[in-house]
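Below: the structure, in structure tokens.
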Amino acid sequence: MGAFKAAAIQMRSGTSPERNAVDLERLVREAAGQGATYIQSPEMTGALVRDSQARAAAFTSEDKDIIVSTARKLAKDLGVFLHIGSTAILRADGKLANRALLFGPDGATIAAYDKIHMFDVDLDNGESWRESAAYEPGTEAVVTEISSAGIDGAKLGFAVCYDLRFPQLFRAEAMAGADLLSVPAAFTRQTGEAHWHVLLRARAIENGAYVVAAAQGGLHEDGRETYGHSLIVDPWGRVVAEAAHDKPAVIIAEIDPAQSAAARKKIPNLKNSRDFAVNATSVEAQSLRGAAS
């Protein structure tokens, strides 16, 4: 299997998909100019819009979306695999999907993934988020092969942001052959400072896989603040590239699928995994059994 260069582009998406498409193109071209053949953008590349009415006006169907058309053209013009970490897509049923899209070097759509786990949380600083009020969750994990003259046989597993906190998704993708796991995100500053690095490194270590995590960063037009710190982690859990700030940036690292195979050979936990039952016993039941004996 051949090694290749992967890039994560860090953005500070505003409320205008048109302006964000311009920023996307600039950063993707910069990444390709540095030799990257797989390029990932963050969650909600198209726009971060908190107001429901503004959100309804900003987003459209996949065939009319400017981020989709821009990405498709860029992938073909540059001959790269371009992974839009996610953007809001209006589905045929009128609901929004938080959708990741992968475009091949010919500009064709290779795969799509709708974010499964919705960010419905109440944080200590008063931040409250209800992603499920705006988006319909996906129901299917996705693993796809990315292969061309520059990339030989890597398998990519999809996830988006809050999915990071659900290790069973990544384990299922690794068991299906993924040696490159993606976590494009718009982590809040509070949760990013607490958990971003450790969770990404854990997912890499647990699965013997590379993790590429392109992030949103900084203070956005809609008032939210995201953590930044886009990362690329190797299968041994080492951070091999980082944007150590919250400003727009490009980070690049070499991805060698053979290193994933080597990590899994050293610690074959995927092979050693066993099914088991859970016996959850109450204190009361334990007391009753003790009295009976």
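Data for the structure
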| quantity | calculated |
| --- | --- |
| Solution diffusion estimate, µm²/s, Stokes-Einstein, region 1-77, Kirkwood Rh from C-alpha pairs, 37 °C, viscosity 0.692 mPa s | 247 µm²/s |
| Taking only Cα atoms of region 162-225, radius of gyration then Dmax in Å | 12.8, 40 |
| Tilt relative to the chain, helix 17-33 - C-alpha long axis, 0 to 90 degrees, to 10 | 90 degrees |
| For region 82-181, alpha-carbon Rg over 2.2 N^0.38 Å | 1.19 |
| Projected-area average for region 32-76 over all orientations - Cα convex hull basis, square nanometres | 3.9 nm² |
| With every protein chain in place, region 1-72: carbon and sulfur % of accessible area (1.4 Å) | 48 percent |
| Cα-only radius of gyration and Dmax that characterise region 198-293, units Å | 21.5, 67 |
| Orientation-averaged projected area, Cα convex hull of region 69-117 (nm²) | 3.4 nm² |
| Solvent-accessible area of His245 with every protein chain in place, 1.4 Å probe, in Å² to the nearest 10 | 60 Å² |
| Å² per residue, accessible surface of the chain at 1.4 Å | 45 Å² |
| Arg238/Ala261 FRET efficiency (R0 22 Å; Cβ-Cβ; nearest 0.05) | 0.85 |
| Spread of Cα-to-Cα distances over 10 Å intervals beginning at zero, given as percent, for the chain | 7, 30, 34, 18, 7, 3, 2, 0 |
| Over region 132-248, equivalent-ellipsoid semi-axes from the Cα gyration tensor in Å | 24, 17, 14 |
| Reachable lysines, given that their alpha-carbon falls under 23 Å from the alpha-carbon of Lys76 and they are not under 8 places away in the same chain | Lys5, Lys64, Lys155 |
| Whole-number percent relative contact order across region 118-209, with pairs defined as alpha carbons under 8 Å at least 6 apart | 22 percent |
| Environment charge at Ile39 (Cβ cut-off 12 Å; Lys +1, Arg +1, Asp -1, Glu -1) | 0 |
| Apportionment of accessible area to carbon and sulfur, region 103-179, percent (1.4 Å) | 48 percent |
| Nearest-ten-degree value, helix 283-292 long axis tilted from longest Cα axis of the chain | 20 degrees |
| Difference of contour (0.36 nm per residue) and Cα-Cα distance, Lys247 to Ala108 | 47.0 nm |
| Rel. contact order, % - alpha carbon contacts under 8 angstrom, at least six apart, region 13-54 | 61 percent |
| Over region 1-138, relative contact order from alpha-carbon pairs under 8 Å, at least 6 apart, % | 20 percent |
| C-alpha long axis of helix 66-78 to longest principal axis of the chain, angle in ° | 80 degrees |
| Approximate spin-label separation Ala172-Lys73, in nm, with each point projected 7 Å along Cα-to-Cβ | 3.7 nm |
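The values are calculated or read from the model by the stated rules, or taken from the named source; none is laboratory data. Worth saying up front: this structure is predicted, and the values here are computed from it rather than measured. Methodologically, a virtual Cβ is constructed for each residue, glycine included, from the backbone with ideal geometry; neighbour enumeration extends over all protein chains shown. Quick note on the areas: whole protein, heavy atoms, side chains included, nothing else; ligands and nucleic acids left out. Shrake-Rupley method; radii C 1.70, N 1.55, O 1.52, S 1.80 Å.
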